[in-house]
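One structure is given below, encoded as structure tokens.
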Amino acid sequence: MRIPCPLCGPRDRREFTYYGSDDYLNRPSPDAGEAAWDDHLHLRANPAGETHDLWYHEAGCAQWLRVHRNTVSHEIYGAELVAGRKGDAQ
Amino acid sequence: MPELIAKPALDHAPLIHGACRMDPAELGPITSVALYPGQEKAVAKVLKPLGLSFPAPNSLSANGPVQLVWTGRDQAFLIGGEAPEFGTAAATTDQSGGWAALRVSGDAAAEVLMRQIPLDLRAQAFPPGRAVRAPLGHMSAVVIRDEAGFLILIFRSMVRTAWHEIETAMRSVAARV
Amino acid sequence: MRIAGRGLIDRNKPVSFTFDGKSYAGFKGDTVASALLASGVRVVGRSFKYHRPRGVLTAGAEEPNALIEVHGATNQTPNVRATVQEIFDGLNTRSQNRMGSLRWDLLAVNDLMAPFFSAGFYYKTFMWPRAFWEKLYEPAIRRAAGLGRLSGKHDEGHYEKAFAFCDLLVIGAGPTGLMAALTAARAGADVILADEDARMGGRLLSNGETVDGQPGLSWVGQVLAELGSLPNVRLMPRTTVTGAYDGGIYGALERVGLHKSARPDLPREAFWRITARRAILAAGALERPIAFPMNDRPGIMMAGAVQTYLNRYGVAPGKRVTLFANNDGARAAARDLMAAGVQVAAILDSRASASTVEDCPVYLGARVTNTTGRHGLRLIEGHHAGGEFKLETDCLAMSGGWNPTLHLTCHMGGRPRWSDELAAFVPMEGAVPGLTAAGAANGTFTSHGCLAAGHAAAEAALADLGLTPAKLALPRAEGLPYAIEPLWAVEGKGRAWVDFANDVTTKDVKLAAQEGYTSVEHMKRYTTQGMAPDQGKNSNVGALAVLADATGRAIPETGITTFRPPYVPVSVAALGAGGRGLGFAPQRFLTSDQASRDRGAPMIEAGLWYRPSYFPKPGEATWRESCDREVAMVRGAVGVADVSTLGKIDIQGRDAARFLDLVYTNTFSSLALNRVRYGLMLREDGFVMDDGTTARLGENHYLMTTTTAAAGQVMRHLDFVHQTHCADWDVRFISVTESWAQFAVAGPKSRALLNAVLDQPLDEFPFMACGTVQLGGVSARLFRISFSGEEGYEIAVPTRFGESLFRDLVAKAETMGGGPYGMEALNVLRVEKGFITHAEIHGRTTAYDIGMEKMVAAKKDCIGKTMAARPALVGPERQQLVGLKIATGTPPCSGAHLFTPGDKVGREESQGYITSFAHSDLMGACLGLGFLKNGRARHGEKIRIVDHLRGLDLTAEVCDPVFHDKDGEKLRA
């Protein structure tokens, strides 16, 4: 499997550390309540098909990537820098 | 008062096996330069008198012995020269002692390094002027291609392992001939 | 028997090797199989289950019978296919799976017991009594069944891993592959041509056909010469592509040194990971046997193999050969034999109508129903359209047709498609993205068709790659017809083998169907068909045809089992190449490493780092003596320890303080300039991630330290928090761990020692201060922090000065009654002071558990704060950090559990556990740190410590975890 790092180019998946769903990008506010936090940390869809998940290019540029891929066909549609997203003000 | 003696990371003699040679390299000062958000123009202004520009990913900017090597998003290493004052445009740290450098050269250099680095390092895919972050075995490295061959930057504490691993690859490639 | 004037072996280069201790002669270019056949050796192995004598069946990697052990100086490799192993001077091989000699195998008695050893025998027989399984049945079965033996020693051979990249990977260098590679190479594509054979050319090396009016061999030579001269082509002979993976990655096993005597540095095998933009599978086809009664005798071979031995190796596998086939193509073998002067007894064609015009008798509608000859074929019997026959023959060449070698197209879930016309499975298109099957691998069984298919496949690949094909005239070649009428099995009295490698017969397959294992996957597991080293290459299609027949279904309906990587057996040594020793884990050395070793310090691994355990002095017999002395030295005078392994992260920018406030539970924006603060970092789920000190070096400049163990994890976490939540903030950070060598100087005389090395004596420098100092003109950073509980400092210099400073500090310390201390003393010092490490913050403890809940600032948010406040993570039910004091006796160990005295010792009664312990001279006791339910309220209680693993049962007093200098007076001195 090769992941197209937006900075380094296509690289072997061994260079990356997997984290999980891109749900982790949407951190609830401290007072969002138990349900929101539980959902953020623990509840995950398990899609057969397209998914967005987070990979850390540990052996490369040290960037967190949001990878768009397919869990059935294993196709990788693309990857973007997490840091490059719009509206990421805390 | 003590006289502090500076010691190089590696004092190995150059090594030659077949068509590949490895030398410890002395690079002089290394300074990390990290742009703050939106400071591209300000940094370019500081670099201009040095004859350098901030490099695009996977490349470097060089002026004589001084080069600015891309090492990450909005980050580069200034190698071989003293860092200018960037003011509030960029954060800098002294990385000089933290990295050891190995020069790997010769016709078989790419073939040897492709035992350890999972990238296409052949000349057509990795011409002089390329500089990437890549693993060397399990070690994090900066791999630079210049006219003289490859320059590999590795954490100082691990450079003996890197030397050993590249030596092993040199020996096996040479033994095939 | 050698045939003069034939073969591609080099008759000027004789080679001598041994098989079962006996020396044999062959020539360069021979395999073990061809050289043994040339020497008249017929029995080369014993079968897996019945220990029947077996001979060479094939001439390739699919060989099920001729499996041998190769004995080298440093290796013993079992299950080597004699049909692949090239001979060289000094090669030492042995037959396998026998007890006694190969000819008189004692376990051949199994063959007489055959009626009892049918499919499912083990499942049915060794059920009871259960205790017999481990002691009796399994050892006996393992000894009787099985293949080659391992040496039981480490494989000291050298194996290599390597990476390669190309535009087009061509798998197989027969007519299809050569034509594809040539087409692509001339168009300028970056091509890798890999072939599992030592010599490229595929069937053109064996079938004696012509290409463009010249011998096929000459054409192969010309193409290889041109490919070899092109800089954009890499030829990889002896390289089997073993698997197709996501992203255009192919695994390939190269036999680098297996055909030569061992040389230092020369890898035995290399495992390649080839990344290809496009690939063409031109792996050819495999001939399949016919399951007729007693079809396993030495001398019964595949027809294509007989042709290969004749044309490629100049060996006639028999003096009087018979052909038994169901297709036209196989007749070429008989014709070539006759042309070479070898007698052909008859051609037995199973079809009712076919040509009878040959230079030998041809019988149609023929079936072989029995064979004779224990150690080699002597006689065959059967019937044909004209009646019954008996033929004396010492070699029976059989051909049941060909199966395209489509395995790689199935590696990503592709299912092959059945072709009635070919009576074979053909590849599913597009099953592996970027890979196209062509030629025989795609069901094209003529040389001309293969050349055309290779050319066309390459042109299609070039179009995908955006390259323009050069003009290239397609060479003309023969197009021998492939007319086939399927014949899978012949009825008769004797056993008819489907899977030679695992001794599976048609009867076993039928029994499986009869007992309900009608799915092909169940039949496979019940009979073990297809589970031997050849992975069913010879037997899969035949077995499922028999199953289809037994269940009354058609073959496509019956389906086929899944082909998975690897295509051929890959040694674990080759798969794991580069993953031993330093390739498994790099070694990280401190700048003080040599200085510590010079003092005789044993080094201990701490992650990848090597750190000194202790520094033995003359007269000290045990580590404890050294450790206790070093502890006393720090408490009484001064000690020096290298602490450079701690992670150091330089953080700068106008938002640096804001960033630290987000990742730490406590506040760093309020930290004064030139001051250090202890910080606690949580994971988002509320558990402790790491701790360490952070110094404020400037208004917008901080230096964070992490623990040695979590340095990588913390960096990843900081990157995550920054890039995810605040990428637009004015903050930048980078590891400076390797840039600074840092030494702890601890003890009442620490300031005096520092003053002895600093250019200017220390002025006011209170606890938790930091600043820049000068040493011999070098700028250093000084921090007043302590991990020992004594007055302590850490001094950091640029790494290149590390060794020099360490030697100097240690030398000067020794003049003050101090010296270096190692990890053991460091541990005792911190346990006495109740300082935690990752033994305590092991991922399941909260700030509350370690008594630091007050460090979670109320006024601001931080990572982990919300979840740390969950009701279950606070309160008396939690196991809380406590100290444990044990007066005398054996020290406890980490992992021992705590019980309330009088309670039952059980899992549910456990009140907690020990995480760290140390023998403390200072306290005159053994000290432990651990977690105890409601522990903070239980100081003064007695608690029972039980460690079943080490057989310990002790009593301890629960106390505050800080044993030494509770008020921190020494720290602040």
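Determine whether segment B:61-81 contains at least one residue that is within 8 Å of chain C (Cβ to nearest Cβ), within 27 Å of B:ALA13 (Cα to Cα) and either small (Gly, Ala, Ser) or assigned to a strand (DSSP E or B) (or both).
The answer is no, given that none of the residues of segment B:61-81 is within 8 Å of chain C (Cβ to nearest Cβ), within 27 Å of B:ALA13 (Cα to Cα) and either small (Gly, Ala, Ser) or assigned to a strand (DSSP E or B) (or both).
Take the residues in segment C:763-775 that are touching a residue at least 24 places away in the same chain (Cβ under 8 Å) and in a strand (DSSP E or B), then tell me which one is farthest from the other protein chains (Cβ to nearest Cβ).
Filtering first and then ranking leaves C:ALA769.
Of all residues in segment C:758-783, which are under 15 Å from C:VAL676 (Cβ atoms) and in contact with a strand residue (DSSP E or B) (Cβ under 8 Å, 6 or more places away or on another chain)?
C:PHE765, C:MET768, C:ALA769, C:CYS770, C:GLY771, C:THR772, C:VAL773, C:ARG781, C:LEU782, C:PHE783
Do you know which residues across segment C:690-743 are surrounded by fewer than 21 Cβ atoms within 10 Å (Cβ to Cβ) and aromatic (Phe, Trp, Tyr)?
Hits for segment C:690-743 are C:PHE720, C:TRP729.
Please give the strands (runs of 3 or more DSSP E) falling wholly within segment C:403-447 in which 3 or more residues are hydrophobic (A, V, I, L, M, F, W, C).
Ranges flagged: C:424-426.
If you go through segment C:621-634 one residue at a time, do you hit one that is β-branched (Val, Ile, Thr) and surrounded by fewer than 24 Cβ atoms within 10 Å (Cβ to Cβ)?
yes
Only one of these is within 12 Å of chain C (Cβ to nearest Cβ) and of a type in the set (D, E, K, R): B:GLU85, B:GLU111. Name it.
That would be B:GLU111, the only listed residue that is within 12 Å of chain C (Cβ to nearest Cβ) and of a type in the set (D, E, K, R).
Going through segment B:146-158 one residue at a time, which ones are touching a residue at least 60 places away in the same chain (Cβ under 8 Å) and at the interface with another protein chain (Cβ under 9 Å from one of its Cβ atoms)?
B:ARG156
Has segment C:748-757 got any residue that is more than 14 Å from chain B (Cβ to nearest Cβ), farther than 27 Å from C:GLY679 by Cβ, buried (at least 19 other Cβ atoms within 10 Å of the Cβ) and in contact (Cβ under 8 Å) with a residue 60 or more places away in the chain?
Yes - at least one qualifying residue is present in segment C:748-757.
Going by what's in this entry, would C:LEU182 be described as among the hydrophobic types (A, V, I, L, M, F, W, C) and crowded, with 24+ Cβ neighbours inside 10 Å?
Taking the combined requirement at face value, the residue satisfies it.
Could you say whether any residue in segment C:776-788 is within 12 Å of chain B (Cβ to nearest Cβ) and either crowded, with 19+ Cβ neighbours inside 10 Å or under 17 Å from C:THR645 (Cα atoms) (or both)?
Yes, segment C:776-788 contains at least one residue that is within 12 Å of chain B (Cβ to nearest Cβ) and either crowded, with 19+ Cβ neighbours inside 10 Å or under 17 Å from C:THR645 (Cα atoms) (or both).
Condition first: within 41 Å of the chain's Cα centre (by Cα) and either modelled with pLDDT under 95 or buried (at least 18 other Cβ atoms within 10 Å of the Cβ) (or both). Now tell me which residues in segment C:909-927 satisfy that.
If the condition is that a residue be within 41 Å of the chain's Cα centre (by Cα) and either modelled with pLDDT under 95 or buried (at least 18 other Cβ atoms within 10 Å of the Cβ) (or both), then C:GLY912, C:ILE914, C:THR915, C:SER916, C:PHE917, C:ALA918 are the ones that fit.
Among (1) facing chain C (nearest Cβ under 8 Å); (2) in contact (Cβ under 8 Å) with a residue 12 or more places away in the chain; (3) of a type in the set (Gly, Ala, Ser), where does B:GLY106 come up short?
(1)
Of the residues in segment C:792-802, how many are touching a helix residue (DSSP H, G or I) at 6+ places or on another chain (Cβ under 6 Å), of a type outside the set (Lys, Arg) and within 11 Å of chain B (Cβ to nearest Cβ)?
3
Which condition from (1) of a type outside the set (Phe, Trp, Tyr); (2) in contact with a Lys or Arg (Cβ under 9 Å, 6 or more places away or on another chain); (3) at the interface with another protein chain (Cβ under 8 Å from one of its Cβ atoms); (4) more than 18 Å from C:THR707 (Cα to Cα) is the one that C:GLU738 breaks?
Going through (1) of a type outside the set (Phe, Trp, Tyr); (2) in contact with a Lys or Arg (Cβ under 9 Å, 6 or more places away or on another chain); (3) at the interface with another protein chain (Cβ under 8 Å from one of its Cβ atoms); (4) more than 18 Å from C:THR707 (Cα to Cα) one by one, C:GLU738 breaks only (4).
Given the conditions (1) crowded, with 21+ Cβ neighbours inside 10 Å; (2) not in a loop (DSSP other than H, G, I, E, B), which single one is not true for B:ALA9?
Answer for B:ALA9: the failing condition is (2).
Can you spot a residue in segment C:74-95 that is surrounded by fewer than 18 Cβ atoms within 10 Å (Cβ to Cβ), in contact (Cβ under 8 Å) with a residue 12 or more places away in the chain, small (Gly, Ala, Ser) and in contact with a Ser or Thr (Cβ under 8 Å, 6 or more places away or on another chain)?
yes
Looking only at segment B:31-60, how many residues end up being within 14 Å of the chain's Cα centre (by Cα) and within 14 Å of chain C (Cβ to nearest Cβ)?
The total comes to 2.
How many residues are buried (at least 19 other Cβ atoms within 10 Å of the Cβ), farther than 15 Å from C:LYS49 by Cβ and touching a Phe, Trp or Tyr at 6+ places or on another chain (Cβ under 8 Å) when one looks only at segment C:507-533?
The total comes to 3.
Go through (1) of a type in the set (A, V, I, L, M, F, W, C); (2) in contact with a Leu (Cβ under 7 Å, 6 or more places away or on another chain); (3) at the interface with chain C (Cβ under 9 Å from one of its Cβ atoms); (4) under 27 Å from C:GLY157 (Cα atoms) one by one and return the number of the condition B:ALA90 breaks.
All conditions are met except number (4).
Please state which of the following conditions C:LEU465 fails to meet, knowing it meets all the rest: (1) at pLDDT 95 or above; (2) within 30 Å of C:ASP190 (Cβ to Cβ); (3) surrounded by 22 or more Cβ atoms within 10 Å (Cβ to Cβ).
Going through (1) at pLDDT 95 or above; (2) within 30 Å of C:ASP190 (Cβ to Cβ); (3) surrounded by 22 or more Cβ atoms within 10 Å (Cβ to Cβ) one by one, C:LEU465 breaks only (3).
Can you name the residue in segment B:129-145 that is in contact with a Gly (Cβ under 9 Å, 6 or more places away or on another chain) and free of Cβ contacts under 8 Å to residues at least 60 places away in the same chain and is also nearest to the other protein chains (Cβ to nearest Cβ) among such residues?
B:PRO135
Looking only at residues that are among the hydrophobic types (A, V, I, L, M, F, W, C) and surrounded by fewer than 18 Cβ atoms within 10 Å (Cβ to Cβ) in segment B:26-55, which one is nearest to C:VAL736 (Cα to Cα)?
The qualifying residue nearest to C:VAL736 (Cα to Cα) is B:LEU27.
Out of all the residues in segment C:666-679, is one or more within 11 Å of chain B (Cβ to nearest Cβ), in contact (Cβ under 8 Å) with a residue 40 or more places away in the chain and on the phi < 0 side of the Ramachandran plot?
No.
The values are calculated or read from the model by the stated rules, or taken from the named source; none is laboratory data. Every value quoted in this text rests on a predicted model; they were computed, and no experiment measured them. Because the Cβ atoms are built from the backbone with ideal geometry, glycine has one as well, and the counts that use them run over all protein chains shown.
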